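Below is one structure, written out as structure tokens; comments come after it.
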Amino acid sequence: GQPEEGILVAAGATLTRSEELAKEALLADAVLRMFITGNFASYLFFFFSYPLTLWQAAFVIRTGLLGSSMSSRECERLLEPMEILLPWDYASHIQLTCCAFFPLFLVEPPGFCASRVLCAVLLIWCGVMYCAQRIIHLRASKVTNFSTSRLDTSVLVGWALPIGQLAVTSASWLARALKFELMISILLCCLTFVVSCGLYWVLLHQALKHQKSVTYLYATKSEPYQAALARLRYSYFNTNPVHVLRA
């Protein structure tokens, strides 16, 4: 009769929902394996292989593989560390943060699950990479000069991506909780991403504008060379040791 049909319909809906949760759990486990191997393998290989470049340069110099008439400057340049790859490091920070927030989209049962483990591990790895790159930049890289602040500004603009991703995650879970249709959920997520990025960029513009005004306020005014020489009492001719000894 009708009660039995209702039970069967409810059981069918429960089974369908269980199958969907199982598929997302399998997806979370696959993403965990992919992200863990992809992120850790490449970085750990670089960290452990980086000292080999110095040993390789010393081996080439001592064995004379590049010739026995190398000058001291050529040997010194071979032993120099690499420059700071700041654009790639900035990009890796944004990319790694987006990867850490991605598992928040996946549904899994309470308790120990792959998506929560992946999110926690990648967030910890973000902190490890930040500390490691500070050490690499300050202790194991050659000084690299940048004449403008366009790179820093571009990176600040790019941080809208992980912030917008968190906003889309909230909108996605809201759509799931209210059981919206697929198209409505997609439109809601797109609108949330656009609004989040737009709000972030407006606030960033105001912050940079304020910083520029403060910097201009406390900036030292330019003065002629003769006036600066009379005030400071030192120049190239009385501080350069070679010129002083020749005088």
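In the set ARG246, ARG231, ARG150, ARG176, which member is among the basic types (Lys, Arg) and surrounded by 10 or more Cβ atoms within 10 Å (Cβ to Cβ)?
Values: ARG246 fails: surrounded by 10 or more Cβ atoms within 10 Å (Cβ to Cβ); ARG231 fails: surrounded by 10 or more Cβ atoms within 10 Å (Cβ to Cβ); ARG150 fails: surrounded by 10 or more Cβ atoms within 10 Å (Cβ to Cβ).
Only one candidate passes the filter, namely ARG176.
Results for (1) touching a residue at least 24 places away in the same chain (Cβ under 8 Å); (2) within 23 Å of the chain's Cα centre (by Cα), shown as yes or no for each residue.
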| site | (1), (2) |
| --- | --- |
| SER172 | yes, no |
| LYS179 | no, no |
| LEU188 | no, no |
| HIS205 | no, yes |
| SER235 | no, no |
| THR239 | no, no |
| VAL244 | no, no |
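Could you give me the residue pairs with C-beta distances under 7 Å whose first residue belongs to the stretch 116-136 and is open to solvent by less than 80 Å² (accessible area, probe 1.4 Å), whose second residue is of a type in the set (D, E, K, R) and assigned to a helix (DSSP H, G or I) wherever it lies, and which are 6+ apart or on separate chains?
Partner pairs satisfying both residue conditions: GLN133/ASP89.
Criterion first (touching a Lys or Arg at 6+ places or on another chain (Cβ under 9 Å) and not small (Gly, Ala, Ser)) does MET82 satisfy it? Give the steps one after another, and end with the answer.
Values: touching a Lys or Arg at 6+ places or on another chain (Cβ under 9 Å): yes; not small (Gly, Ala, Ser): yes.
Considered against the rule, which asks whether it is touching a Lys or Arg at 6+ places or on another chain (Cβ under 9 Å) and not small (Gly, Ala, Ser), MET82 comes out as yes.
Would you call LEU156 open to solvent by less than 90 Å² (accessible area, probe 1.4 Å), of a type in the set (A, V, I, L, M, F, W, C), closer than 30 Å to MET82 by Cα and part of a helix (DSSP H, G or I)?
On the way: open to solvent by less than 90 Å² (accessible area, probe 1.4 Å): yes; of a type in the set (A, V, I, L, M, F, W, C): yes; closer than 30 Å to MET82 by Cα: yes; part of a helix (DSSP H, G or I): yes.
Yes.
Would you confirm whether any residue within the stretch 208-226 is open to solvent by 70 Å² or more (accessible area, probe 1.4 Å), free of Cβ contacts under 8 Å to residues at least 12 places away in the same chain and of a type in the set (A, V, I, L, M, F, W, C)?
First, the residues of the stretch 208-226 that are open to solvent by 70 Å² or more (accessible area, probe 1.4 Å): 209-212, 215-218, 220-226.
Now restrict to residues that are free of Cβ contacts under 8 Å to residues at least 12 places away in the same chain: 209-212, 215-218, 220-226.
Subsequent filtering for residues that are of a type in the set (A, V, I, L, M, F, W, C) retains 217.
Within the stretch 208-226 (the criterion being open to solvent by 70 Å² or more (accessible area, probe 1.4 Å), free of Cβ contacts under 8 Å to residues at least 12 places away in the same chain and of a type in the set (A, V, I, L, M, F, W, C)), the answer is yes, since at least one residue qualifies.
Would you mind telling me which numbered condition in (1) over 30 Å from LEU54 (Cα atoms); (2) out of contact with any helix residue (DSSP H, G or I) (no Cβ under 8 Å at 6 or more places or on another chain); (3) modelled with pLDDT under 80 CYS113 fails?
It is condition (2) that CYS113 fails.
Taking the stretch 58-104, which residues are over 30 Å from ASP152 (Cα atoms) and part of a loop (DSSP other than H, G, I, E, B)?
Across the stretch 58-104, the qualifying residues are GLY64, LEU65, LEU66, GLY67, SER68, SER69, MET70, SER71.
Give me a count of the residues in the stretch 119-170 that are closer than 25 Å to ILE186 by Cβ and over 16 Å from the mean Cα position of the chain (by Cα).
4
Just one of (1) assigned to a helix (DSSP H, G or I); (2) within 30 Å of MET82 (Cα to Cα) trips up ASN145, so point out which.
Single failed check for ASN145: (1).
The values are calculated or read from the model by the stated rules, or taken from the named source; none is laboratory data. The shown structure was predicted, so the numbers you read here are calculated from the model rather than taken from an experiment. A quick note on method: Cβ atoms are made from the backbone with ideal geometry, for glycine too, and the neighbour counts reach across all protein chains shown. Please note that ligands, DNA and RNA were not included when accessible areas were found on the heavy atoms of the full protein model with its side chains. Shrake-Rupley method; radii C 1.70, N 1.55, O 1.52, S 1.80 Å.
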